[in-house]
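Remarks on the structure that follows.
The values are calculated or read from the model by the stated rules, or taken from the named source; none is laboratory data. In this text, all values refer to a predicted model and were calculated from it rather than measured experimentally. Counting neighbours? That spans all protein chains shown, and the Cβs are built from the backbone with ideal geometry, glycine included.
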Amino acid sequence: MKTDTTYMDALARAGVGVEQVDFVMCTHLHPDHVGWNTRLLDGRWVPTFPNARYVFSKKELAHWEARHAEAEIPYMTDSVLPVVAAGQVLQVASDHALEDGIRLEPTPGHTPDHFSVHLTSAGRDAVMAGDLIHSPIQCRHPDLPARPDVDKQQAVDTRTAFMERYCETDTLICTAHFPSPSVGHFTRVGDAFGFRFRDAG
């Protein structure tokens, strides 16, 4: 696994130590979404966040464990299975509700049991969309698949329904792959959608 300290440096600058993290939300188990689950310590991979529960979809984990059993998936070896072995995984259904205004929304298609994370605080809502949408062009053309989508038609249906649900609402959409600032709101554009980026200032 290639090391990039940008993310951890940002946490440190924000005054957050790895021991202070309570939950790690893995919307799905692709390498770019699990890479900071672990760190290399004395030649072995251990959980980066020693006091955290790592939230995995039970169905998603079972899918990738089965694939890994057929042929090794390197990122499962270094970024997922060590967390399982450490007993820090909370396996849930993709509609699981956590405490303090945090609940999961099933958004399958990109992977078998991808979920998004819905946050509610002080009367405001935001959704961490994970990889259900990769590019703003998919707002105008929801039928455009992403190459890694495991079920392309399900991904299209999920993406379209998600944008319909949150279009022209106050819910802040937090994307994983849009260009910075990467957060904003879905808008209506004819029979499709647009994305109004929130001003970074």
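Count of segment 155-201 residues, restricted to those that are within 27 Å of V34 (Cα to Cα), in contact with a helix residue (DSSP H, G or I) (Cβ under 8 Å, 6 or more places away or on another chain) and aliphatic (A, V, I, L, M), is 3. Taking segment 97-154 as the range and being in contact with a Lys or Arg (Cβ under 9 Å, 6 or more places away or on another chain) and among the polar types (S, T, N, Q) as the test, the residues that pass are T107, T120, Q138.
Within segment 168-196, the set of residues being under 22 Å from G123 (Cα atoms) and not polar (S, T, N, Q) comprises E168, D170, L172, I173, C174, V183, G184, H185, F186, R196. Quick one: in segment 1-52, of everything that is aromatic (F, W, Y) and assigned to a loop (DSSP other than H, G, I, E, B), which residue is nearest to the chain's Cα centre (by Cα)? Here the residue is W36. One residue stands out in segment 118-141 among those that are exposed (fewer than 15 other Cβ atoms within 10 Å of the Cβ) and free of Cβ contacts under 8 Å to residues at least 24 places away in the same chain: the one that is nearest to G194 (Cα to Cα), namely I137. Taken together, A155, A146, A192, A161 contain a single residue that is assigned by TED's automatic domain parsing to the domain that holds H118 and at pLDDT below 95, which is A146.
Figure legend. Inter-residue proximity from segment 12-40: first residues farther than 25 Å from D95 by Cβ and small (G, A, S), second residues in a helix (DSSP H, G or I) and modelled with pLDDT of 95 or more, beta-carbon distance below 6 Å, spacing 6+ or different chains. Indicated pairs: G35/S79.
Every residue, every condition in (1) touching a Ser or Thr at 6+ places or on another chain (Cβ under 9 Å); (2) closer than 23 Å to Y7 by Cβ, yes or no:
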{"site": "D32", "(1), (2)": "no, yes"}
{"site": "E65", "(1), (2)": "no, no"}
{"site": "A69", "(1), (2)": "no, no"}
{"site": "V80", "(1), (2)": "yes, yes"}
{"site": "V83", "(1), (2)": "yes, yes"}
{"site": "A93", "(1), (2)": "yes, no"}
{"site": "P106", "(1), (2)": "yes, no"}
{"site": "A129", "(1), (2)": "yes, yes"}
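Looking only at segment 26-45, residues that are buried (at least 16 other Cβ atoms within 10 Å of the Cβ), out of contact with any Leu (no Cβ under 8 Å at 6 or more places or on another chain) and not charged (D, E, K, R) come to 11 in all. The single condition among (1) outside the structural domain of T158 (by TED's automatic domain parsing); (2) under 11 Å from the mean Cα position of the chain (by Cα) that T107 does not meet is (1).
Applying the selection to segment 168-201, what residues are among the aliphatic types (A, V, I, L, M) and either surrounded by 11 or more Cβ atoms within 10 Å (Cβ to Cβ) or within 16 Å of the chain's Cα centre (by Cα) (or both)? Across segment 168-201, the qualifying residues are L172, I173, A176, V183, V189, A192. Only one of the listed residues (R165, R159) is among the basic types (K, R) and either more than 24 Å from T120 (Cα to Cα) or in contact with a Pro (Cβ under 9 Å, 6 or more places away or on another chain) (or both). That residue is R159.
Take V46 and decide whether it is modelled with pLDDT of 95 or more and among the aliphatic types (A, V, I, L, M). Here the answer is yes, as V46 does meet what is asked.
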